[in-house]
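The values are calculated or read from the model by the stated rules, or taken from the named source; none is laboratory data. Computed from a prediction, not measured in an experiment: that's the story for all the values here. Heads up, the Cβs are rebuilt from the backbone with ideal geometry, glycines too, and the neighbour counts pull from every protein chain shown.
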């Protein structure tokens, strides 16, 4: 029973971390209609930079602020130089998606060459503190991930539903031509969408990096987990990222705890395939459709 409780707590906390990755993907998709396959590498850059800086003797807070500045500048440049012209002129969206895969490859190579290929364990100011559960100990880092994920979810949910800019971004995602004709500043909001993805990616990186191993190769796995979580809840629903993240986190933790780490690596791809076959629009969308039918 203790094992089950421990795995559940860890799974919930890790799932909230995956929810942050999914939130970054869902945020950009809702704002621009672009599926960002570079989100995991944005998270990786933030986590790896802070890990390198703290290993060199810098404080966790300073490393976080520096990582935030670097990631946000990079995301703004991506919005200005790559995505904005393509979306504003309504070019083939498939080319833009393929372009995000290229961005992922570039970020991974840059991180590997500049920050190194070493694997780190990122320590925060609260890493040394933990909660005892018989023979197990759970670091405060896990609980901070839950709190941060909850606050960001609420903030983005409020933004997309209650602010004019949020509503304009949702309209642009649904039909960029109609939004432009209605006076929506498509170019500016595209940059805003990428900036939001950078904000979420920074928080996800510096928080998740305290509970998982950090390296330049971690981006692909985080992208897969983020897409799996977003697809479970529904890409159109930022709060669905929380549902999908928790489900995925629990599934991976139970698989690792009872079947071994090799089984954990297969969970996210299996979840993606299962959702595509059974609930291609996500759990929340499926429930809404069922409610309307009834």
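If you go through the stretch 162-181 one residue at a time, how many are over 21 Å from the mean Cα position of the chain (by Cα) and modelled with pLDDT under 80? Number of matching residues: 10. Screening 154, 199, 192 for residues that are part of a helix (DSSP H, G or I), more than 24 Å from residue 269 (Cα to Cα) and within 12 Å of the chain's Cα centre (by Cα) leaves exactly one candidate, 199. Does at least one position in the stretch 226-238 carry a residue that is surrounded by 15 or more Cβ atoms within 10 Å (Cβ to Cβ), farther than 22 Å from residue 197 by Cα and modelled with pLDDT of 70 or more? The answer is no, given that none of the residues of the stretch 226-238 is surrounded by 15 or more Cβ atoms within 10 Å (Cβ to Cβ), farther than 22 Å from residue 197 by Cα and modelled with pLDDT of 70 or more.
Might you let me know whether the stretch 129-142 holds any residue that is assigned to a loop (DSSP other than H, G, I, E, B) and either touching a strand residue (DSSP E or B) at 6+ places or on another chain (Cβ under 6 Å) or over 26 Å from residue 15 (Cα atoms) (or both)? Checked the stretch 129-142: no residue is assigned to a loop (DSSP other than H, G, I, E, B) and either touching a strand residue (DSSP E or B) at 6+ places or on another chain (Cβ under 6 Å) or over 26 Å from residue 15 (Cα atoms) (or both). Of all residues in the stretch 202-256, those being farther than 28 Å from residue 66 by Cβ and either more than 11 Å from the chain's Cα centre (by Cα) or outside any helix (DSSP H, G or I) (or both) number 22.
For the stretch 125-157, the tally of residues that are in contact with a helix residue (DSSP H, G or I) (Cβ under 8 Å, 6 or more places away or on another chain) and farther than 22 Å from residue 62 by Cα stands at 11. If you check 17, 40 for being within 18 Å of residue 102 (Cα to Cα), in contact (Cβ under 8 Å) with a residue 60 or more places away in the chain and either outside any loop (DSSP other than H, G, I, E, B) or in contact with a strand residue (DSSP E or B) (Cβ under 6 Å, 6 or more places away or on another chain) (or both), only one passes: 40.
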